[in-house]
Amino acid sequence: GGHGGSSSSGLKFTPVAPNKLDAITVPPGYDHSVVVRWGDPVVPGAPAFDFDNQTAAAQAKQFGYNCDYVTLFPMGKDRGLLWVNHEYTDEVLMFRGYVDGNAAPLEQIKIALAAHGGSVVEIARAGKSGKWALVTHGSRRYNRRLTAQTPMRFSGPAAGSALLKTAADPTGRFPKGMLNNCAGGTTPWGTVLTAEENFNQYFVGGNGVPEDQKANLVRYGISTTVAIPSGNRRFDRVEERFDLAKHPHEINRFGWIVEIDPFDPDSTPIKRTALGRMAHEAATTTLAKDGRLVAYMGDDSRFEYFFKFVSKDRYIPGFDRHNRDLLDEGTLYVAKLTGDSPAAEIDGTGKLPGDGEFDGAGEWIPLVSGKRSFVTGMTAEEVLVFTRTAADKVGATKMDRPEDMERNPVNGAVYLALTNNTNRTAAQLDEANPRPSNRHGHILEIVESRNDAGANRFAWSLPLVCGDPTDPSTYFAGFDKTKVSPISCPDNLAFDRDGNLWISTDGNALGNADGLFVMPVSGRERGYVRQFLTVPFGAETCGPMVTDDQRSVFVAVQHPGEITGATPDNPASTWPDGAQPRPSVAVAWHKQGKKIGS
Ligand code: FEO
Ligand code: CA
Ligand code: CA
Ligand code: CA
């Protein structure tokens, strides 16, 4: 799949060289700027950022920390609403003299709660260039901050379930706040889907939950033997709900896909239970051939699975009232992959199997549809709340950290970033995860049967096995390895309108800064990976997003200066202001207004 043809990618830029600079670097002929930084005023009336005099009240109105998913809702050609996730806080870099959550002043904990969540900010493009900037005057009536404390609601089959009920919400329908929002997606009706990922890190008291609930906690990465895990932020010191010993169900109210309408700042965010609960990385929507809505989703942990949701009803363009319920009724599937080469040929050396490709077939195994469970021994509500356990039971394929998924707008193939998995042993190899101690990750390509996103079966292959191209265990779809850029730990994916795959990285295990890369997935240049941008050393690259007119590419620079031992008094980065590092969204463009990648 995805092969053939001789169409040119249109990519002609000179790749940037790997580096460890405390800067964004872009190819010759390009420029870049910062769009919005941690602490910038979002809601009118918000105070200016003041690193040494932070307050929770200010943070709740300012741009949050550690920007991740980025998407743009256009309002005309040169204006739009930028949605940005704020995944997590790094208190060691945010506060001088920070020791840990046990010793932190309560105001710092409240600041951290307010620095999570997401932001809607109005931005505008300056003149003919591809440069975008924050709108700082005028009504900015859509600007909004969402935090770990914003009132939300559940919808779908598990809303109101006993598993979601707490003392504060005996209805099980009104969760408070969202946490660890990582990647995301958009819907055809103009809302954002934001994915709650590693929510396990925010809770204490796992040792004190009733015995019959411990297995579920363990499956979601929570210790049931330790009262206060090391490094815990101690949110429970401010809000008792984060203590599982007192409120064991509160954690079940996190780990969902949350839908938010950026054009209605008064709307209540909706946690869509039909899409299951896991360390959600993203939710990328597309339409099946018959018009049903499909959402592809990864569960980003080692040896976890990837999923898709297919709505029961069809998307009807323009019928907003109908479309807005599509994510509440449908079937949740998990992927099972098989290789087409003998297991003995997957020997971990990177040598391709005899048929010349890591490839095979896959099936989507149904887990739950509305109130109907397909998993023996689990109710529908249990499948939705403990989706990992359900996927275990049906024998889904354990992958090397499934991150972002994206569908190619040109040929319909679907791509999944598998960021790494250093825990995979030689005995655990399969053709879809063929490398032991996988430090650099790989990319999975899926072609659904009949190219229909609603299909139950698919073909798959690995067009990219990452690393230094001189490493024999790497594979660049057969492209000349002397020409490609080294790439490690693919995380977020995006397509441009020409069908080129943009890949941002997190945790470059080759020792250089993370960055943004582009790879054609069809034609003669399939596998020709080129690095377009680097971010300050210590940061990961999130986003990315190429605007529809291809004149601008956005990236989120997450955790600049996050290097062991760095503190505000000994910063490892001074990006972007020459002072304390600030996670920020940046934009790059061609100085002559050419298409990104030219
Ligand atoms: Fe938050 Fe899977 O990256
Ligand atoms: Ca094969
Ligand atoms: Ca990510
Ligand atoms: Ca990541």
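The numbers here are math on the coordinates, done by the rules we state, and not lab data. Everything quoted here is computed from the prediction, not taken from an experiment. Neighbour counts are summed over all protein chains in view; Cβ atoms, including those assigned to glycine, are modelled from backbone coordinates with ideal geometry.
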Q: DSSP loop (so not H, G, I, E, B), at most 14 other Cβ within 10 Å: list which chymotrypsin sites (Phe, Trp or Tyr not before Pro) in region 272-321 pass both filters.
A: PHE319
Q: Return the aspartates and glutamates within reach of LYS398: Cα separation strictly under 13 angstrom, same-chain partners fewer than 8 residues apart disregarded; answer none if there are no such residues.
A: ASP299, ASP300, GLU304, ASP430, GLU431
Q: Any lysines with Cα under 26 Å of the LYS165 Cα? List them, leaving off those in the same chain fewer than 8 positions away.
A: LYS110, LYS176, LYS214, LYS246, LYS271, LYS371, LYS393
Q) Which three extents, in whole angstrom, do the alpha-carbon atoms of region 215-330 cover along their principal axes, largest first? A) 50, 37, 19
Q. Once region 67-182 is represented by equal point scatterers at the alpha-carbon sites, with solvent omitted, what log10 I(q)/I(0) does the Debye formula produce at q = 0.10, 0.11, 0.13, 0.14 Å⁻¹?
A. -0.46, -0.54, -0.72, -0.80
Q. How high is the relative contact order of region 244-388, given as a whole-number percent (alpha carbon pairs under 8 Å, six or more residues apart)?
A. 19
(Q) How compact is region 270-359 by the rule of thumb for globular proteins, expressed as Cα Rg over 2.2 N^0.38 Å? (A) 1.45
Q: Give a residue-ordered list of calculated ³J(HN,Hα) values for region 98-106 (Karplus: 6.51 cos²θ - 1.76 cosθ + 1.60, θ = phi - 60°; whole Hz; x for Gly, Pro).
A: 5, 9, 6, x, 5, 9, 4, x, 4
Q) Ranked from highest to lowest mean number of other Cβ atoms within 10 Å per residue, what is the order of the peptides 209-215, 371-377, 258-264? A) 258-264, 371-377, 209-215
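If you wrap region 332-411's Cα atoms in a convex hull and average its projection over all directions, what's the area in nm²? Please report the intermediate quantities before stating the final value.
Details: hull surface 30.1 nm².
The directionally averaged projection comes out at 7.5 nm².
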Q. Ratio of Rg to Rh for region 137-203, alpha carbon only, Kirkwood?
A. 1.03
Q) Roughly what % of DSSP beta bridges within the chain run antiparallel, to the nearest 5? A) 95
Q. Regarding region 371-486, what are the three Cα extents along the principal axes, ordered largest first, in Å?
A. 54, 36, 19
Q. Straight-line reach from LYS12: which lysines have a Cα under 25 Å away, not including same-chain ones fewer than 8 places off?
A. LYS20, LYS128, LYS131, LYS481, LYS483, LYS591, LYS594, LYS595
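In square nanometres and to one decimal, what's the mean projected area of the convex hull around the Cα atoms of the chain?
Projected over every direction and averaged, the Cα hull of the chain covers 24.7 nm².
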Q. For LYS12, what charge total do you get from the other residues with a beta carbon under 15 Å from its beta carbon, if Lys and Arg give +1 and Asp and Glu give -1?
A. +3
Q) Stokes-Einstein D for region 497-598 at 20 °C, 1.002 mPa s, Kirkwood Rh over Cα pairs, in µm²/s? A) 146
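State the three equivalent ellipsoid semi-axes of region 385-453, derived from the C-alpha gyration tensor as the square roots of 5 times its eigenvalues, in descending order and whole Å.
After scaling each eigenvalue by five and taking roots: 23, 17, 11 Å.
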Q: Could you tell me the convex hull volume per residue, in Å³, taken over the Cα atoms of region 1-82?
A: 221
Q | Percentage relative contact order, region 454-507, counting C-alpha pairs under 8 Å, at least six apart | A | 25
**Q.** Directionally averaged projected area (convex hull, Cα atoms, region 429-544), nm²
**A.** 8.0
